[in-house]
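Chemist: Have a look at this one.
The values are calculated or read from the model by the stated rules, or taken from the named source; none is laboratory data. Small disclaimer: the values here were computed from a predicted structure and weren't measured. When we count neighbours, we look across all protein chains shown, and the Cβ atoms used for this are built from the backbone with ideal geometry, even at glycine. These area figures cover heavy atoms from the full protein model, side chains too; ligands, DNA and RNA do not enter into them. Shrake-Rupley method; radii C 1.70, N 1.55, O 1.52, S 1.80 Å.
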Amino acid sequence: MLEIKQVSTIIGKKKIINNATFSITSGSIVGLIGPNGAGKTTIMKSILGLTKFNGEINLNNQKITENDHHALEKVGALIEHPAIYPFLTGTQNLSLYSTDPIDMQHIITLLGMNKYIDQKAKEYSLGMKQKLGIGIALLNHPQLVILDEPMNGLDIEATILIRKIIKEYAQNGCSFLISSHILSELQKVMTEMILINNGKIILTKPMSAFLKTNYDYYVILTDQPDKTKILLTNYQITSNDRLIVKRQDIKNVQKILFNNGINLLELVPQRPTLERTIVNLLKNQEVKNHA
């Protein structure tokens, strides 16, 4: 649905994006992840034709350029800060962009903005402004929605609501490109991850691939944890206070427990967090760059 081919973006004399290539299919929720200054917002602005770039960006086989925004009619976006006018009400702000009054009212209700939507936006809290900005991005039945740090300023209840809305729109075929520093929240919605560092795409991977990872460590729970720890130490099997053992030691551990009358209650894979996985990937890239 969206194709990015060998895109480079130069601002001043500095190359911010370096030959980026990736694609987004209909109904997917893609997380764009990377450290500060990696180029996330610049890629988003390039897709929206807001900055000059070299290479090719196609949306539904229509080329996007800096001067021709015809292909962007079915794209919604929230970049950096909500594009709202403070002296207009929420309804008036939405009306500036809306082509479907029924859809607009549906979004107001969906986001729970009915109580304050007719107040002037200058009276809104940060979270209220953020929800209004997301509402603008969702107007007019978009095929692609680009969200830059959408969870900024949102409380827990609003965050859960936005996650639910993103999933519902995706199930109806809308695609999302989302950047966020709150990886724990992003992980709950994204179906694919794109990792960028120093302007280069270093990884594109479906989240399902992370879930199929072969785990190196397992947490064990027995009915005699103290005795288990002593036994594993005596047999020189790696463990700690949580009784974490290496994958290759599991069969041996089971034999030791059985022979000593200890019942194994749980064997749980120790899944690395998304944050840890990304940090390791970035470290590996730095090592390669300096090799």
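Chemist: Restricted to the range 113-162, and to residues that are under 18 Å from the mean Cα position of the chain (by Cα) and assigned to a strand (DSSP E or B), which residue is farthest from Leu72 (Cα to Cα)?
Modeler: Looking at the filtered set, the residue picked out is Asp148.
Chemist: Would you check if there is a residue in the range 85-103 being farther than 26 Å from Ser180 by Cα, of a type in the set (D, E, K, R) and open to solvent by less than 30 Å² (accessible area, probe 1.4 Å)?
Modeler: yes
Chemist: Sticking with this one: Tell me which residues, restricted to the range 42-74, are touching an Asp or Glu at 6+ places or on another chain (Cβ under 6 Å) and open to solvent by 20 Å² or more (accessible area, probe 1.4 Å).
Modeler: Within the range 42-74, Lys52 is the sole residue that qualifies.
Chemist: Report every pair of residues separated by at least 6 positions or lying on different chains whose Cβ atoms are under 9 Å apart, first residue within the range 79-94 and on the phi > 0 side of the Ramachandran plot, second surrounded by 19 or more Cβ atoms within 10 Å (Cβ to Cβ) and not in a helix (DSSP H, G or I).
Modeler: As it stands, the answer is Glu80/Asp148, since those pairs meet every condition given.
Chemist: If we keep just the residues of the range 185-207 that are open to solvent by less than 60 Å² (accessible area, probe 1.4 Å), closer than 28 Å to Lys14 by Cβ and in a strand (DSSP E or B), which is modelled with the lowest pLDDT?
Modeler: Leu203
Chemist: Same structure, new question: Tally the residues that are at pLDDT below 90 and either in a loop (DSSP other than H, G, I, E, B) or under 20 Å from Gly199 (Cα atoms) (or both), restricting the search to the range 54-70.
Modeler: Summing the residues that are at pLDDT below 90 and either in a loop (DSSP other than H, G, I, E, B) or under 20 Å from Gly199 (Cα atoms) (or both) in the range 54-70 gives 8.
Chemist: Which members of the range 172-184 meet the condition of being in a helix (DSSP H, G or I) and either modelled with pLDDT of 95 or more or open to solvent by less than 30 Å² (accessible area, probe 1.4 Å) (or both)?
Modeler: Leu183
Chemist: Suppose we filter the range 1-48 for residues that are closer than 16 Å to Val145 by Cβ and either among the charged types (D, E, K, R) or not in a strand (DSSP E or B) (or both); how many remain?
Modeler: The qualifying residues number 12.
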